[in-house]
1. Extending each Cα 7 Å along its Cβ direction at A:Gln365 and A:Phe242, get the distance between those two points in nm, one decimal.
2. Using alpha-carbon positions, what is the distance between the centroids of segment A:170-240 and segment A:324-369, in Å?
3. Order of A:Thr125, B:Thr33 from fewest to most other C-beta atoms within 10 Å?
4. Choose one answer from B:Thr125, B:Thr93, B:Thr116: the residue with the largest mean-square fluctuation in a GNM of chain B with alpha-carbon springs under 10 Å.
5. Work out from phi, with θ = phi - 60° and the Karplus expression 6.51 cos²θ - 1.76 cosθ + 1.60, the ³J(HN,Hα) of each residue of segment A:158-165, listed in order in whole Hz, and give x for Gly and Pro.
6. Which residue fluctuates the most in chain B, going by a Gaussian network model with Cα springs under 10 Å, if the choices are B:Gly40, B:Gly66, B:Gly24?
7. Find how many whole Å separate the alpha carbon centroid of segment B:61-109 from the alpha carbon centroid of segment A:101-149.
8. Would you mind checking the tilt of helix B:78-90 against the longest principal axis of the Cα atoms of chain B, expressed as 0 to 90 degrees and rounded to 10?
Amino acid sequence: MYVAVKGGERAIDNAHAWLAEERRGDPSVPELSIAQIREQMTLAVNRVMAEGSLYDPDLAALAIKQARGDLIEAIFLIRAYRTTLPRLGNSRPVETTAMACDRRISATFKDLPGGQILGPTFDYTHRLLDFKLAAEGEPPQDAPQRPPEAGDVPHVTGFLNREGLIEEAPADDTPPPDLTREPLELPAERALRLQALARGDEGFVLSMAYSTQRGYGRNHAFVGELRIGAVSVEMDIPELGFAIEIGDITLTECETVNQFTGSKTEPPQFTRGYGLVFGQTERKAISMALVDRALRWEELGEDFTGAPAQDAEFVLSHADNIQATGFLEHIKLPHYVDFQSELELVRKLRREVAERAEAANTSRQEAAE
Amino acid sequence: MGLLAKAGPGRVAALLDDTCARPGFDWLRHPETGSVMVRGRTGGTGAPFNLGEMTVTRCALRLRCGTVGHAYIQGRSKPDAEAAALVDAMMQTDRATTLQAGVLDPLRAEADSARTSRAARAAATKVDFFTMVRGED
């Protein structure tokens, strides 16, 4: 129950003034600029764009600054801003085959056309703190360069497709459902699940994926391919009557190749899980692909083992960190009247218990006399 | 229009102003920032799904001669959208050659050079596998 009360305005204004001061920190330390956050905290910016579900690095950097580095708060700010934007249209589906790959690796084939491109990765670093970064110094040396090969880098799953060893993903142009327009409805088709996972909390999706690896809905995934790079976004413009490129965005795509022994309807073959996320966000993209595959048990005729990662209602209802935060944090807001009624109830129950005990005591004494 | 959409902040306006004086125009649609839902395909090739939105600014204008120019650019910069729509309109007039040389060619060169420099860095991180020769004889 909610009752309007007044009286907190001064305290709230003062709290916000102090928040602004604390956000700035020690004024003798130079202030962070949006450009610094965008360029040097790129992976945080990417996470805020992915889970805020809005690709705009400057806005994500501003949100991180405003939120004092609390990424879920920053995602909240982006989601709130997003709702103020008119929707100008839908893009054509992006062509990840035409991606300008910064990174492209496969855990299933060593020698594959296009090669294994490591890109700017943390892999193979020793995870030892680098104290050179603590000292302000010269910019790093230019990274070595080699003449690139021309042409698109083909998808790994394409090679397996040729032998019929892996399920196909045939093209189709059904307009997909949109979570930002219609609330989540279950059962959710795959397109809706992918949208929910793409904007879901990285920690949650990671944990769900990890649970499948530990045996809760095991689907034995190999990373068939992981690629990170820029793709062009095209949109049909009604007033022009043709499609134009409206921008470039960086994406991370993960395709898993999963063991599948066949079912009543499908021959033994490899199956696929798919992850696609804004920015350089490979932990999230791999996690998304594993969870996507786990949620496909029904369409592939697998058994439901009761694993959380197979349960679409569980996964999709709890993946969104803004919904989760909203509901979780609302319990710290005033519930004075709610609590007052609980207090009354507990007092009444205690009174009744005490009265019954007293009555029983009295009747025992009477019986004894 | 793709080049104009992807150009860095202030880039189109700077090249345009270096190339020629801006002509007078009337707005058909004032610059407006909105979002476009970006779609992907399941498995890279399958059915489409909604991945998330991106910010886009659009506008439309008419030059005094009647030529209409449109812009849809990535991001939220209204001055950049205006400059892009002016270039789009003037590309349909007899100043097309001047603008091609003064605005579009430099933008293309910058985009190519940025893409090549990233691709060259990526190529340098390509793994060259080699097998150690086993001494079996």
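Each value in this text was obtained by applying a stated rule to the coordinates, not by laboratory testing. None of these values were measured; they are calculated from a predicted model. Here the Cβ is made from the backbone with ideal geometry for all residues, glycine too, and neighbour counts use every protein chain on show.
1. It works out to 10.1 nm between the two label points.
2. 48
3. Numbers: A:Thr125 8, B:Thr33 20.
The most exposed by this proxy come first: A:Thr125, B:Thr33.
4. Highest fluctuation of the listed residues: B:Thr125.
5. Residue by residue, segment A:158-165 yields x, 5, 5, 4, 4, 8, x, 7 Hz.
6. Of B:Gly40, B:Gly66, B:Gly24, the most mobile in the Gaussian network model is B:Gly40.
7. Cα centres, segment A:101-149 to segment B:61-109: 38 Å.
8. 80
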